[in-house]
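The values are calculated or read from the model by the stated rules, or taken from the named source; none is laboratory data. Predicted, not measured: the structure shown is a model, and the values here were computed from it. Backbone-built Cβ (ideal geometry, glycine too); neighbour counts: all protein chains shown. Protein only, heavy atoms only, side chains kept; ligands, DNA and RNA dropped before computing areas. Shrake-Rupley method; radii C 1.70, N 1.55, O 1.52, S 1.80 Å.
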Protein chains: 2
Amino acid sequence: MEKLAVLVSGSGTNLQAILDAAAADPDFGAEVVVVISDRAEVRALERAESAGVPAVVVPWNRDRATHTGAICDVAQEYGATAMVLAGYMRVLHAEAIRRFPDRILNIHPALLPSFPGTHGVAEALEYGVKVSGVTVHFVDEHVDHGPIIAQRVVPVLSGDTEDDLHARIHEQEHVLFPEVVKAFAHGRLHVEGRRVEWREP
Amino acid sequence: MEKLAVLVSGSGTNLQAILDAAAADPDFGAEVVVVISDRAEVRALERAESAGVPAVVVPWNRDRATHTGAICDVAQEYGATAMVLAGYMRVLHAEAIRRFPDRILNIHPALLPSFPGTHGVAEALEYGVKVSGVTVHFVDEHVDHGPIIAQRVVPVLSGDTEDDLHARIHEQEHVLFPEVVKAFAHGRLHVEGRRVEWREP
């Protein structure tokens with residue numbers, strides 16, 4: 001059983017999708033052992049509590065290495081074997097990758113390598129793309145850059161606001177992220193350089 | 001009737017798709033009045049000849065402004081009202097945009113802004129994306145950068161070689177490019193900043 005530390009910063013809808021999948025699917029292969037937030041009083045912490053999962057706030061520390069070390073310490077105290085960034089808005093220090101090599105997943109609301117960073121949805125809209133989407137990838141030392149595990153496409157429609165497009169992207173995130181976490185938990189994801197191969201279950 | 005100068009550098013399969021659409025669809029609204037190649041003895045020139053369309057070779061000149069001027073001169077001699085870059089491997093000088101403002105279309109074998117430039121297919125594969133595709137856009141002063149008219153998605157499959165992926169992308173190009181040219185010829189494409197709106201026919 002894969003034991004997940006889920007990192008959050010906000011509403012935690014992707015956390016909820018993973019909690020729901022873990023509860024509903026006896027073959028999911030992963031459980032959330034701790035939720036870690038960089039901010040107190042976010043909805044994601046309530047979701048953890050409702051699911052009976054320990055929630056820990058590790059406030060942002062200006063020193064990235066120290067902050068990352070504190071998060072990894074908490075994750076390992078709870079026995080986590082992998083970390084899942086579910087709308088976590090901070091960039092981890094490379095220390096995290098050393099401690100969880102190829103075991104940190106991130107979800108990004110754009111078709112990487114287009115529109116990395118914190119404003120991917122707004123920037124896609126400003127650029128005028130006709131399709132955007134969702135990317136789940138392994139975390140490496142660079143922002144939104146590690147090997148891509150899966151992508152789903154979302155159309156950009158005429159007249160879309162950022163909220164419209166983000167809502168359409170979130171829908172796909174909530175389907176894709178649990179699928180990827182399950183595949184990861186079952187050992188199906190094989191990283192070869194920058195390419196991630198999905199092996200048969 | 002929109003009169004097109006189609007610029008080519010190679011096999012001309014996108015040229016063929018446009019010629020075929022113009023021949024098959026009485027409502028296409030555009031005709032190819034001249035094919036311009038920067039290289040002699042390419043298959044695209046034979047395609048022009050077979051379709052009874054004049055073909056002109058304008059060899060690459062190291063001075064981009066001079067080369068671009070020569071191409072625009074040829075296009076206008078043949079009465080072209082718009083230019084279509086169909087696998088044309090040279091970058092035009094901004095002079096072309098002044099002479100054909102919002103009237104130059106380009107097709108690119110990737111989901112821009114990802115993987116611009118001449119090696120878009122290989123670079124997508126090396127990066128490890130799970131989806132790539134095709135972009136048709138208006139040409140501006142920057143390479144593969146102007147307002148995006150349409151995009152189509154193509155999956156990247158396990159074990160794909162560059163040829164495999166390129167073949168799958170070409171299939172979509174040959175469907176998308178004639179569609180866009182027709183919409184352009186019918187005055188349906190409205191550019192507002194970087195966003196291109198498709199108006200009802």
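Using R₀ = 45 Å, calculate the FRET efficiency as 1/(1 + (r/R₀)^6) where r is the Cβ-Cβ separation of A:Glu41 and A:Glu192; round to 0.05. Before the final figure, lay out each step's value.
Values: r = 42 Å, r/R0 = 0.94.
The formula returns an efficiency of 0.60 here.
Counting only whole DSSP H helices of chain A, the ones at least 30 Å long by C-alpha along their axis and with mean Kyte-Doolittle hydropathy no lower than -0.5 are A:162-185. Remark: mean inter-chain Cβ contacts per residue of B:121-130 equal 5, using a 10 Å Cβ-Cβ cutoff to other protein chain atoms.
If a/c stays under 1.5 just call it rounded; otherwise compare a/b with b/c (prolate if a/b is bigger, oblate if not). Do that for chain B, with a ≥ b ≥ c from the square roots of the Cα gyration tensor eigenvalues. Don't skip to the end; give the middle numbers.
Details: a/c = 1.38, a/b = 1.28, b/c = 1.08.
Rounded shape, in that the Cα axes give a/c under 1.5.
Hey, with R₀ at 22 Å, roughly what FRET efficiency would A:Arg199 and A:Ala24 work out to, going by the Cβ-Cβ distance, to 0.05?
Working: r = 24 Å, r/R0 = 1.09.
It comes to 0.35.
Near B:Ile36, the amide H atoms lying under 5 Å from its own belong to B:Val6, B:Leu7, B:Val8, B:Val56; only residues 5 or more places off or on other chains count, and H is placed 1.01 Å from N. Working ranking of peptides B:32-42, A:73-83, A:5-15 by packing, defined as the average number of other Cβ atoms within 10 Å per residue, highest first, is A:5-15, B:32-42, A:73-83.
Each of A:Phe177, A:His190, A:Val121 was placed along the dipole of the stretch A:117-196 (beta-carbon charges, centred on the mean Cα), and the one lying farthest toward the positive end is A:His190. The B and A chains share an interface that buries close to 2200 Å² of accessible area, total over both sides, probe 1.4 Å.
The distance between label points at B:His142 and A:Ala167 comes to 3.1 nm (points 7 Å beyond Cα on the Cα→Cβ vector).
Surface composition of the stretch B:1-95: carbon and sulfur atoms hold 48% of the protein heavy-atom accessible area at a 1.4 Å probe.
Sequentially through the stretch A:152-157, phi angles give Karplus couplings (6.51, -1.76, 1.60; θ = phi - 60°) of 10, 9, 10, x, 9, 9 Hz, Gly and Pro residues having no value and appearing as x. Going by amide H atoms built from the backbone, whose H comes under 5 Å of the H on A:Ala30, apart from near neighbours? Residues meeting the criterion, in which the H sits 1.01 Å from N, are A:Glu2.
Within chain B, what percent of beta bridges assigned by DSSP are antiparallel, to the nearest 5? Please report the intermediate quantities before stating the final value.
Values: 15 of 33 bridges.
Bridges in chain B that DSSP calls antiparallel: roughly 45 percent.
When the stretch B:2-198 is described by a simple charge dipole with +1 on each Lys and Arg Cβ and -1 on each Asp and Glu Cβ, the residue from B:Ala48, B:Met83, B:Leu157 located farthest towards its positive end is B:Met83. When A:Glu171 is represented by a point 7 angstrom out along its Cα-to-C-beta vector, the spacings to that point in the other copies are 2.6 nm, nearest first.
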